[in-house]
Each structure stands twice: as C-alpha cells, then as structure tokens.
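These notes concern the structure reproduced below.
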Amino acid sequence: MKKIIYEKTDKSISIIIPTENISIKEVFEKDIPEEYKDKAKIIEDNIIPADRIFRNAWELENKKIVINIDKAKEIWKDKLRQERIPLLENLDIEWMIATEKKQDTKLISDKKNILRNITDLVDNCKTINDIKNINCENQLSKL
C-alpha cells in the first residue's frame, strides 16, 4: 500500500495513509499542506519502520526514514525517567524501614544512585540497539 510522507519544518515526519475509496493522488492534493507539497513523496509502505518506539525521532533522508540518534536518546531518557519513578519510591520505603531497624542501607543507596544516574548511560550510546539495551532492571541486576 502506498503512503504519503513529508518532513515538516521542525524535521518531524508526517505520514498520510489514504483510505481505499480515494486515490493517492487525490489525497496528495487534498491533504498535504501547500508549503509541503514540493517535499512530499509517495512511498511504499515497507520503508516505514515497524518499530515505532522512536517514531518522534524519525527523519526523512533520500526517501528513507532514519532515526535521529540524538532525538532517540532524549526519547529513551524520558522512558527511563518514567520507568524509575516507582522503583525509587519502593527503594525510599525500603531505606526508611532499614534505617528504622538500624540495618545496612548501602545496597539500597547504591540502587538509588544507579537509577538516578541511568539517563547518563544513554549519552554514551552509539546505536539504537545500545540505547534500547539500557533499562532499569538490567542496570540494577549488575549489583
């Protein structure tokens, strides 16, 4: 199935999927904003990545969708920030209980530090797979 794709001024990508009862050329004329018609391309569906995790980092280069690594890093950092919230909350509770019982809190503190600093690991990534391999669970399992 053919789709229409164009890059907006902010470098984000718009993808328009026509319905079956209207031709792609009609959709092109009707739905593409005038300022983007010269940049819009009709493409085959198979060039659109199936993995949508980094959808907001997609950019268009020579009729191909590429992932902007810097944008992908920011997306992943936001994901990690959300992932660590409940983990840090649980560790805060564990730390308070251990403190009340006068138990050692070093391991708990180490886990909290790992979670606080986890987004820094993303900065050193060179590939999308490197980025995806960073998550709270695998970093905590290293202790």
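Every number in this text was worked out from the coordinates using simple rules, so none of it is lab data. In this text the structure is predicted, and so the values were computed from the model without any measurement. Here Cβ is always computed from backbone atoms with ideal geometry, including for glycine, and neighbour counts include all displayed protein chains.
Some values worked out for this structure:
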quantity	calculated
In degrees, nearest ten, helix 106-123 long axis to first principal axis of the chain (Cα)	20
Relative compactness, the chain, computed as alpha-carbon Rg over 2.2 N^0.38 Å	1.53
Cβ charges +1 (Lys, Arg) and -1 (Asp, Glu), total dipole of the chain, debye	320
Environment charge at Asp110 (Cβ cut-off 15 Å; Lys +1, Arg +1, Asp -1, Glu -1)	+3
Stretchable slack from Lys101 to Asn113, in nm (0.36 nm times residue separation minus alpha-carbon distance)	2.2 nm
Three-way shape label, the stretch 2-67, alpha-carbon gyration tensor, a/c 1.5	oblate
For the stretch 31-97: relative contact order, % (alpha-carbon pairs under 8 angstrom, 6 or more apart)	20
Signed unit charges on C-beta, dipole axis of the chain, positive-most listed residue Phe54, Ser12, Trp76	Trp76
Loop-located GluC sites (Glu not before Pro) in the stretch 18-107 whose Cβ has at most 10 other Cβ within 10 Å (DSSP)	Glu20
Net length gained if the chain between Ile47 and Lys71 were fully extended (0.36 nm per residue, minus Cα distance)	6.7 nm
Cα-based radius of gyration of the stretch 70-140 once divided by 2.2 N^0.38 Å, which approximates compact folds	1.26
